[in-house]
Structure formats: C-alpha cells, structure tokens
1. Compute the long axis of helix 2-18 from its Cα atoms, compare it with the longest principal axis of the Cα atoms of the chain, and write down the angle in degrees, 0 to 90, nearest 10.
2. Based solely on its DSSP helices, what 222 nm [θ] is calculated for the chain when runs of n ≥ 4 H residues each add -39,500 (n - 2.57) and the sum is averaged over all residues, nearest 500 deg cm²/dmol?
3. Seen from all sides and averaged, what is the projected area of the convex hull of the Cα atoms in the stretch 2-182, in nm²?
4. Fully extended, how many nm does the chain gain between residue 140 and residue 182 (0.36 nm per residue separation, minus their Cα-Cα distance)?
5. Taking neighbour counts of Cβ atoms within 10 Å as a proxy for exposure, in what order, fewest first, do 141, 93 appear?
6. Between residue 34 and residue 74, what's the calculated FRET efficiency when r is the beta-carbon distance and R0 is 25 Å? Round to 0.05.
7. With 10 angstrom as the radius, rank 71, 115 by how many other C-beta atoms surround their C-beta, starting from the fewest.
8. Could you work out the mean projected area of the convex hull around the alpha carbons of the stretch 141-180, in square nanometres to one decimal?
C-alpha cells in the first residue's frame with residue numbers, strides 16, 4: 001500500500017514537472033501570494049496534441065499585450081521553443097504553407113497572428129512563424145483599426161481575429177493557497 005501511494009505521489013510530481021503551466025508564479029507586486037496567468041492551448045504543429053502559449057507575469061502586460069512563451073508538446077512534455085508578444089483577445093493561428101517541408105530548417109507549422117495596440121487607432125499587425133524548435137521574429141506592418149481608424153485597418157483586424165483557422169482555448173489560472181494551479185476551461 002505504501003509503495004502504491006509513493007508511486008502516485010512521484011507520478012503527480014513528474015506530471016507537474018512536464019507542464020510549466022502547473023508551476024506557481026510568485027506575485028511580483030507582493031499583493032498576493034501567487035500571480036495568475038493565461039494559457040492558450042492549440043495544436044500548432046498538427047500532430048494531434050495540444051501545444052501551449054503561456055503568458056508571463058501580469059505586471060509585464062498592458063493594453064498592447066505581453067510576452068507568451070511558446071511550448072510544443074513532445075513525447076508528453078512541453079518544450080519551450082520561443083516567445084511571442086500578444087494580447088489574448090487579438091490572436092489567431094493558421095497552418096503555415098511550409099507545414100509539410102521535409103527540411104526541418106525551413107519547416108514552419110503555423111503562423112500566430114497578433115495585433116499589438118499602440119493607441120486607440122493604431123498598432124502593429126503581424127505574425128510569428130512556429131518551426132520545429134524556434135519561433136521566428138514578427139513580420140509586421142502598422143495598421144489603423146478602432147475608433148478613428150481606417151476602413152482597411154478595421155477590415156484587416158476583423159477578418160483576422162473574428163475566427164481562428166486553428167481553434168484554440170484561452171484559460172486563466174486559479175492558484176490555490178497550497179500552490180496547486182488549476183486551469184478552468186473557457187473557449188474562444
């Protein structure tokens with residue numbers, strides 16, 4: 001009986017080590033014991049397993065968004081391959097045309113489209129390409145959506161972020177006093 005109990009404990013510790021979103025994040029402001037984060041679950045590489053974008057600390061975010069670590073699911077573990085800057089309400093993911101390249105250096109699985117708000121009527125619109133072991137720097141242009149924006153800027157924004165070609169789930173953590181991190185489902 002003790003052996004079974006010990007195995008259960010070791011298994012649960014191993015699982016939390018495999019998923020970085022289950023690790024607590026101390027609150028940098030000191031207002032609470034832990035800071036809450038967001039994560040986005042989506043199959044970025046088309047292998048049938050959810051990959052993950054995990055937000056940084058809330059104090060790193062503003063109306064423009066903030067940093068998200070990109071993890072690909074590999075053999076039951078998450079492997080960090082890079083970072084994107086994004087806002088959870090202005091993100092879309094689509095398959096990349098280089099998804100099936102045999103050359104791992106040129107293969108790109110997905111494009112993560114983002115809008116980084118600079119003001120009420122302007123911001124950076126672009127995409128990051130997700131590869132086998134890296135995330136490319138953003139390729140972007142400035143557009144003018146929102147109040148006081150242009151018809152073209154508003155059209156680009158609406159067409160991109162109305163519905164993501166690769167579906168994803170956005171979740172917000174709920175960390176308990178004992179440090180257990182839970183992720184209630186919320187779909188987008």
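Read-outs throughout are calculated quantities, based only on the coordinates presented, and are distinct from any laboratory measurement. Keep in mind it's a predicted model, so treat the numbers as computed, not measured. Here the Cβ positions follow ideal geometry from the backbone for every residue, glycine too, while neighbour counts run over all protein chains shown.
1. 20
2. Values: 2 runs with 28 residues, N = 188.
That calculation yields -5000 deg cm²/dmol at 222 nm.
3. Values: hull surface 50.5 nm².
For the Cα atoms of the stretch 2-182, the hull's average projected area reads 12.6 nm².
4. Values: separation 42, 0.36 × 42 = 15.12 nm, distance 3.47 nm.
Stretched out fully, the residue 140 to residue 182 stretch lengthens by 11.7 nm.
5. Starting with the residue having the fewest Cβ neighbours, the order is 141, 93.
6. Values: r = 27 Å, r/R0 = 1.10.
With R0 = 25 Å, the Cβ-Cβ based efficiency is 0.35.
7. Numbers: 71 22, 115 26.
Placing the least packed residue first, the sequence is 71, 115.
8. Values: hull surface 21.4 nm².
That works out to 5.3 nm².
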